[in-house]
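Engineer: Take this structure first; my questions come after.
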Amino acid sequence: MSDHVLRRARCLVIEALYEAETSDHDAEAVFERRLDEVAGEDREVTARRPSAFGREVIRGIVASRDDLDSRLQPVAPRHPLATLPVVERTILRLALWELLHDNTAPVGAVVNEAVELAHRYGSETSPAFVNGVLRTVGREISAARAQEPGEPTTTPEET
């Protein structure tokens, strides 16, 4: 599996969420349709891991959309989420969901991935906006993680 297969899965997630928000189609159904559409040309993205990742992200974003939006809005107070282009809102939700619910990637990697998606799908100003919002959110999440109690550590002298 190539390193970019999850990026391609994220692209399908963005496309599905975008269509769902602009047409009232079911996001999961759109994602499944998009998987079927790309199956002939990109078998890698339809494999179990990337497709399961996409399904999990879609379900997570749909289920927690209000919470995601309430966390994003204070970070960009001059840009109400309702007035943002749908694609920017979708990329921000995707990245924030990953930061909050999928701790497999470092904060910086999630932000960089979102910026790449903004380059691909957004306007000329989208990457900088997405980067600024997510860097701020990322710092907050990193600080909160640092304050979480970790596993107690012992030194050889203590055992």
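Engineer: Residues of region 92-113 being over 8 Å from the mean Cα position of the chain (by Cα) and aliphatic (A, V, I, L, M), which ones?
Structural biologist: The answer is 100, 105, 107, 109, 111.
Engineer: Go through the residues of region 113-120 one by one and say whether even a single one is over 16 Å from residue 10 (Cβ atoms), part of a helix (DSSP H, G or I) and in contact with a helix residue (DSSP H, G or I) (Cβ under 9 Å, 6 or more places away or on another chain).
Structural biologist: no
Engineer: A further question on this structure: Filter region 16-37 down to residues that are among the β-branched types (Val, Ile, Thr) and either at pLDDT below 95 or touching a Pro at 6+ places or on another chain (Cβ under 7 Å) (or both), then give me how many there are.
Structural biologist: Result for region 16-37: 0.
Engineer: Still on this structure: Hey, among the residues in region 43-62 that are within 15 Å of residue 16 (Cβ to Cβ) and part of a loop (DSSP other than H, G, I, E, B), which one's nearest to the chain's Cα centre (by Cα)?
Structural biologist: 45
Engineer: Sticking with this structure for a sec: Give me the pairs, please: first residue somewhere in region 87-99 and crowded, with 23+ Cβ neighbours inside 10 Å, second residue anywhere and among the aromatic types (Phe, Trp, Tyr) and part of a helix (DSSP H, G or I), beta-carbon distance under 6 Å, and either six or more positions apart or on two chains.
Structural biologist: Qualifying pairs under 6 Å: 90/18.
Engineer: For region 17-34, state whether one or more residues are closer than 22 Å to residue 138 by Cα, part of a helix (DSSP H, G or I), touching a residue at least 24 places away in the same chain (Cβ under 8 Å) and among the aromatic types (Phe, Trp, Tyr).
Structural biologist: Among the residues of region 17-34, not one is closer than 22 Å to residue 138 by Cα, part of a helix (DSSP H, G or I), touching a residue at least 24 places away in the same chain (Cβ under 8 Å) and among the aromatic types (Phe, Trp, Tyr), which makes the answer no.
Engineer: Now for a separate question. For residue 119, only one of the following conditions fails: (1) over 23 Å from residue 16 (Cβ atoms); (2) modelled with pLDDT of 95 or more; (3) under 15 Å from the mean Cα position of the chain (by Cα). What is its number?
Structural biologist: In the conditions (1) over 23 Å from residue 16 (Cβ atoms); (2) modelled with pLDDT of 95 or more; (3) under 15 Å from the mean Cα position of the chain (by Cα), residue 119 misses (1) alone.
The values are calculated or read from the model by the stated rules, or taken from the named source; none is laboratory data. On a predicted model such as this, the values are computed, not experimentally measured, just so you know. Quick reminder, even Gly has a Cβ in these numbers, built from the backbone with ideal geometry, and neighbours come from all protein chains shown.
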